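Okay, structure first, notes after.
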Amino acid sequence: MILKVIIENALEAIAPTAPSAPPPTGGVNTAGLADFLRKFFAPLFLVVVSVVAIFFLFTREITRFVQFIILAVAIGVIFYVPNVIEVTAKAIAGALGIK
């Protein structure tokens with residue numbers, strides 16, 4: 001019984017089989033990539049912003065703190081406003097001539 005199963009599996013592995021479904025020709029599937037990036041990097045971004053802001057406040061560097069907060073808000077818009085990543089990616093691809 002065991003020998004029969006081994007031989008059948010060996011013959012099945014050696015024998016040519018019908019080709020499986022052809023690979024997709026539409027390119028890389030990026031559906032949901034922006035949501036994944038947003039969910040992955042947004043909490044990490046908030047932690048880094050919080051630590052650096054606390055550092056600037058404790059060292060009493062108010063000018064650098066304000067500059068950092070303005071930059072952090074600008075970057076935060078990219079992560080939290082819907083469709084900013086998609087629109088930016090499409091604009092860059094269009095500028096490079098990629099459809």
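The values are calculated or read from the model by the stated rules, or taken from the named source; none is laboratory data. Please read these numbers as outputs of a predicted model, since none were measured by experiment. Cβ atoms come from the backbone with ideal geometry, glycine included; neighbour counts cover every protein chain shown.
Kindly establish whether residue 60 is of a type outside the set (Val, Ile, Thr) and at pLDDT below 80.
no
What's the total number of residues in segment 47-63 that are exposed (fewer than 14 other Cβ atoms within 10 Å of the Cβ) and part of a helix (DSSP H, G or I)?
Counting residues in segment 47-63 that are exposed (fewer than 14 other Cβ atoms within 10 Å of the Cβ) and part of a helix (DSSP H, G or I) gives 10.
Name the pairs whose Cβ atoms lie under 7 Å apart, with the first residue in segment 44-58 and among the β-branched types (Val, Ile, Thr), the second assigned to a helix (DSSP H, G or I) and surrounded by 11 or more Cβ atoms within 10 Å (Cβ to Cβ), and 6 or more positions between them or separate chains?
Matching pairs, first to second residue: 49/72; 52/68.
Could you tell me whether residue 40 is surrounded by 12 or more Cβ atoms within 10 Å (Cβ to Cβ), part of a helix (DSSP H, G or I) and at pLDDT 80 or above?
In short, no.
Quick one: would you say residue 34 is touching a helix residue (DSSP H, G or I) at 6+ places or on another chain (Cβ under 6 Å) and at pLDDT below 75?
Yes.
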